[in-house]
Amino acid sequence: RKEVEQDPGPFNVPEGATVAFNCTYSNSASQSFFWYRQDCRKEPKLLMSVYSSGNEDGRFTAQLNRASQYISLLIRDSKLSDSATYLCVVHILTGGGNKLTFGTGTQLKVEL
Amino acid sequence: NAGVMQNPRHLVRRRGQEARLRCSPMKGHSHVYWYRQLPEEGLKFMVYLQKENIIDESGMPKERFSAEFPKEGPSILRIQQVVRGDSAAYFCASSPERQGGTDTQYFGPGTRLTVL
């Protein structure tokens, strides 16, 4: 089983639509959670951190359910510029380690 | 404030040659991480370094790969005797001294290695 699992998509949605991505992680010791965005052939960029209480940043809302080991990202009023691959990322703090574990990403295509 | 810098951006090598990838972290950052992204796959952690120390190399292949982060200069990821399967995008990330468990990592633009 992969440490972080995501539906690869692609999700093809019209401009203005609301779209939701889900992610599950397998290691219950995971401590920090993030959504990154990766545009084609470019570096990942931090979109937002994810907190248990849920957090919102403009059109983006992230939720974390530790009991179910489940993370979600909701994008409202989709824009063409939202087209990208969205990476679910988990951080596990170990004695010497500080590594991020990435899902394979969910591809979003926003169309006119 | 310049971001994480990587060079070269593109590197072509023939099988059996050596590849050297360089990463300069953001100013004030003392932690460097290397990740590899194979075609159509997610990023995979390779190694975590602080100045002059390898902290976690659990993701590094056992042979041909090595990394360093000297006291002066950039971090180097070195791949000896490259094979076609090494063709990938190699991303470097950096973070500041960890405070209160904050672990935001900032990524460089990557080096795309092609092995002919």
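Annotations
- Residues that are open to solvent by 10 Å² or more (accessible area, probe 1.4 Å), facing chain A (nearest Cβ under 8 Å) and either closer than 16 Å to A:Pro44 by Cβ or in contact (Cβ under 8 Å) with a residue 24 or more places away in the chain (or both) do occur in region B:27-42, at least one of them.
- Restricting region B:1-18 to residues that are polar (S, T, N, Q) and assigned to a loop (DSSP other than H, G, I, E, B) leaves a set whose member that is surrounded by the most Cβ atoms within 10 Å (Cβ to Cβ) is B:Gln17.
- Residue satisfying condition, being within 11 Å of chain B (Cβ to nearest Cβ) and surrounded by 13 or more Cβ atoms within 10 Å (Cβ to Cβ), within set A:Ser49, A:Ser72: A:Ser49
- Screening region B:76-93 for residues that are more than 14 Å from every other protein chain (Cβ to nearest Cβ) and touching a Lys or Arg at 6+ places or on another chain (Cβ under 7 Å) and picking the one that is nearest to A:Leu100 (Cα to Cα) gives B:Ile76.
- The set of residues in region B:43-56 being more than 10 Å from chain A (Cβ to nearest Cβ) and within 12 Å of the chain's Cα centre (by Cα) consists of B:Leu49 alone.
- Complete set of residues in region A:20-33 that are within 12 Å of another protein chain (Cβ to nearest Cβ) and assigned to a strand (DSSP E or B): A:Cys23, A:Ser32, A:Phe33
- So B:Leu21, is it hydrophobic (A, V, I, L, M, F, W, C) and surrounded by fewer than 19 Cβ atoms within 10 Å (Cβ to Cβ): no
- The condition of being more than 14 Å from chain A (Cβ to nearest Cβ), farther than 26 Å from A:Gln31 by Cα and modelled with pLDDT under 90 does not hold for B:Glu68.
- Tally of residues being within 14 Å of chain B (Cβ to nearest Cβ), part of a loop (DSSP other than H, G, I, E, B) and touching an Asp or Glu at 6+ places or on another chain (Cβ under 7 Å) across region A:75-112: 4
- One residue alone among A:Glu15, A:Glu3, A:Glu43 is touching a Ser or Thr at 6+ places or on another chain (Cβ under 9 Å), among the acidic types (Asp, Glu), under 26 Å from B:Gly59 (Cα atoms) and surrounded by 12 or more Cβ atoms within 10 Å (Cβ to Cβ), and that residue is A:Glu3.
- Scanning region A:34-52 for residues that are outside any loop (DSSP other than H, G, I, E, B) and within 30 Å of B:Arg9 (Cβ to Cβ) turns up A:Phe34, A:Trp35, A:Tyr36, A:Arg37, A:Gln38, A:Lys45, A:Leu46, A:Leu47, A:Met48, A:Ser49.
The values are calculated or read from the model by the stated rules, or taken from the named source; none is laboratory data. Computed from a predicted structure; not experimentally measured. All Cβ positions, glycine included, derive from the backbone under ideal geometry; neighbour counts span all protein chains shown. Just so you know, the surface numbers come from the protein's heavy atoms only, side chains and all, with ligands and any DNA or RNA stripped out. Shrake-Rupley method; radii C 1.70, N 1.55, O 1.52, S 1.80 Å.
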